[in-house]
1. Which listed residue (S322, T271, G299) has the Cα farthest towards the positive end of the charge dipole for the stretch 240-355, taking +1 on Lys and Arg C-beta and -1 on Asp and Glu C-beta about the Cα centre?
2. Tell me, how many Å apart are the Cα centres for the stretch 495-540 and for the stretch 170-238?
3. Quick one: net charge of M1's neighbours, Cβ under 12 Å, K/R +1, D/E -1?
4. What is the list of residues in the stretch 2-17 whose amide nitrogen lies under 17 Å from a point 7 angstrom out from the Cα of Q30, following Cα to Cβ?
5. Between the stretch 303-320 and the stretch 120-155, how far is it from one alpha carbon centroid to the other, in angstrom?
6. So for the stretch 484-575, considering every pair of alpha-carbon atoms, how many percent are separated by more than 22 Å?
7. Find how much the distance from D480 to S402 grows on full extension, using 0.36 nm per residue of separation minus their present alpha carbon separation; answer in nm with one decimal.
8. Ranked by Cβ crowding within 10 angstrom, fewest neighbours first, how are S140, S559, S37 ordered?
Amino acid sequence: MKQSNELRELLKRIDHKGYPAYKDTRGEYQFPDYILSIDHVQGDPFAAPSSVSVRIDGRKARFPEALYDTPWKRIALQDELLRQFGKHLEHYSFQVKGSGKSGLLSVSRPGQEILDRSGCQMDPKTGMITCRFEIGFPASGRTIQAFGLEKILFQLLPDCIRKGLFYASLNGKQLQDIADLADQQQFIRDELKKRDLVAFVADGSILPRESGISNRPMKDAFPFVSPASLALTLELPHGKVLTGMGIPKGITLIVGGGYHGKSTLLKALETGVYNHISGDGREFVLTDESAMKLRAEDGRSVTQVDISMFIGNLPNGKDTASFSTPDASGSTSQAAAVIESMEAGSQVLLMDEDTSATNFMIRDELMQRVVHKNAEPITPFIDQIRPLYEKYGLSTILVAGSSGSFFTKADVILQMKNYEPMDITEFAREETRQYFHDIHGVMSADSAPDTNAASTDTLTGSKPKCHRILKPQKGLGKNDRIKIHTLGCEEISINHDAIDLRCVEQLVDPEQLNTLARLYVYASQNLMDGHKTLREVVEQLSAQLSQQSFAIFGRDLSSSLALPRKEEIFAMFYRSRK
C-alpha cells in the first residue's frame, strides 16, 4: 500500500499528459484517517466516472456498537451514513471544472426505503466502514488537469469523509433514534408472525404520496385511522406504544368508491415489505416480508409452470401441467404468477382488480349460463382463493371496485371512504344474504345455486411447482466480455438479452436491478450446472447473499447495488426468455 504523499507526487508527474496516464493512479493509498482506493479509472472524461472507495477503521470511526449490533440496525445505520456522505459530496460536485464529467462527485442516492446497498457497508464485527462512490477525473479536452484531482482528493473529499462518516461529526441522538426505529420495525415484523397477521398499519400513518413522480408523503393528507374491530395496541421497544390496524391471515377484501384510497392502501402494503425512513409516513406500515404483488402481464415469457390449477383443456391440447409460452395472455400470465409465488415461498398475495385479467379473476353467473363451464378452460381465481388459503396457507389481500362476488369468499371486508378504512364485513355479508334471497329465494349464499363452485379437486395432492432446470448461459462465462445495462426499475439487459421487470412492482430502486443482473451472471457462472432446479439455485444465491452480502461479486464492486428480496430474484429468472 502506498502513502498519500506518493499519490500527490504521482499527480504532479502526470499533469497535462494524455488522459490514459490517469490509469497509473489505480491502487490503495493510506491517508491519516482512512484508506483511499482508486478501483477503476475512466477511459476519457466523457466516459462513466472513475470508481473510488474509502475504508475507515472502526476504531477511528468510533460508532457505538449498540448502533449496529443487529442486521436491521446495521443496515439502517449504513443507509443514514450514505445519505450524510452523499449530501456533502453533492455540495462539492462539479466545483472543479473541466470537460465531460470532470469534477463529478456521486454516490448512491437512497429513496424512502431502507435497503442494504454496496455504497456503504459496515463490518458487523469490527465496525469498519467501506464507502464506494464515483469521481469524474478532471481534464481539459483529453488532457489531464491533475491539480483539479488533487483538490478533490486532498481537500474536498477529506472534508466529506470527516463530516459524513465519523461518529464525532454526526448527531448522536439522531443516529440513536434511527437504531430505535429499526428495532421497533423489527419488533412489529416479529409480532405479525406471533399474532397470525399479514400486515400492520399504524394510526397516524400517511399513505398517499406527493405525486406520481415523487415518493414523499403527500402534504395535508388524511392520516390513517384503524377501524375499532381490527385495532390493536403494541408496546414497542424503547418505550413507544403504538395503535393501528392488524390485517389477519386469510382473505381480505378492500372495496370503496373511486379515489377513496383503495389502491393507495394496497400500494402502502406492497412496499411494506421494506422498512422506511423516519418522516416517510409509512414507517409503521409493515407487511409480511414474503408478500408478492401480482398483476396480469400480457406478452411475458412463461416456462414450464404448472398452471393446471387455473387453466386446463386448452383447444390446442397444450400441456398446462408444464406450461410454456413466449407470449402469455393476461390470464395465463397471472395464473403463472400465482404458482410462481407459491414456489418462491410467498405467504401473501396482493392484487388489484384494476390490473388483473378479468377472465382470470371471475366469471359472472350470466356469462356461465351463456358460455358453459365445459367450454371454458379457465377456473377463475375466485374459485381457488379459499382453497389456496385453507390448503396452503396462502393469504390474499384484494382490491375490488366493481365485482361483489368476492364478498362470499372474504374473511375481512374493508371499505375505504375518504382514505379511512371501515370494517363492513358483517354489513356486506347481510347484503349478500339479502341479494341471494332476492335473486334465488334463499337467505344464504352458501345454499344458493353456486355457478362459481370451486374446482377443489385441482388442489388435491402436492403443491404445484415450476419444473425449470437452469443451465449455464452461453456468453456468460468467466472469461467472456459481458455487457450489462439496466433501464430504471423496468428492465435489465445482459448481452442484449432483455428481461422485462416492469410488472414486478415491488422493485423500488434501479440499484436492485443492477444487482439482479449481476446475480444472473454470477448464478450462470457458479451455480447453474444443468441439474439444479431454479429453486435450488435461488436458495443458494439467497444463502450466499445472507452470509456474504455483496462480497460474492469480488472486491471490485460497483457503488450502485442494492439487495433485492429473494422473491424478486425468483421473478427475474421466471421472466428470462433464456
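1. The one lying farthest along the dipole's positive direction is T271.
2. Computed from Cα coordinates, the inter-centre distance equals 31 Å.
3. That sum, taken over residues with Cβ under 12 Å, equals 0.
4. Zone members listed by number: 2-9.
5. 55 Å
6. Counting pairs separated by more than 22 Å, the tail of P(r) holds 21 percent.
7. Length difference between fully extended and current span is 22.8 nm.
8. Fewest-to-most ranking of S140, S559, S37: S140, S37, S559.
Bear in mind these aren't lab numbers, they're just calculated from the coordinates by the rules spelled out. Only a predicted model underlies this, so the values are computations on that prediction, with no experimental measurement involved. Don't worry about glycine lacking a Cβ; one is built from the backbone with ideal geometry, like all the others, and counts go over all protein chains shown.
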